[in-house]
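The values are calculated or read from the model by the stated rules, or taken from the named source; none is laboratory data. None of these values were measured; they are calculated from a predicted model. Here the Cβ positions follow ideal geometry from the backbone for every residue, glycine too, while neighbour counts run over all protein chains shown.
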Amino acid sequence: MIIRLYIRKEFLNMATESLSQSVQFTFKNEDKYGKNGKNRVFANIKRNAEAEAMLSVGEALSALQGDELGSTILIDKKAVRK
């Protein structure tokens with residue numbers, strides 16, 4: 001599958017201001033959560049947090065819950081200004 005993203009030229013010259021970062025973990029355990037798993041979002045992630053550290057946290061949480069870590073997604077919210 002090919003996905004094409006078209007960005008208008010004026011958007012490329014706009015400034016962005018980072019508002020917040022959060023991380024979303026998806027925990028897999030069909031017996032407890034069904035096929036889609038359970039999503040949990042943790043807010044206020046440090047800007048310089050390393051990917052390995054976030055994965056380690058997700059793996060530790062999944063082990064404590066007796067689940068499998070399905071995915072880890074970094075969410076970066078930015079304001080777009082002219």
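Some points to look at:
- Taking the criterion of being out of contact with any Leu (no Cβ under 7 Å at 6 or more places or on another chain) and either surrounded by 14 or more Cβ atoms within 10 Å (Cβ to Cβ) or among the aliphatic types (A, V, I, L, M) (or both), the residues of segment 22-39 that qualify are 22, 24, 26, 28, 29, 33, 37, 38.
- Qualifying residue in segment 43-63 (condition: among the β-branched types (Val, Ile, Thr) and in a strand (DSSP E or B)): no
- The conditions of being outside any loop (DSSP other than H, G, I, E, B) and at pLDDT below 90 are not met by residue 25.
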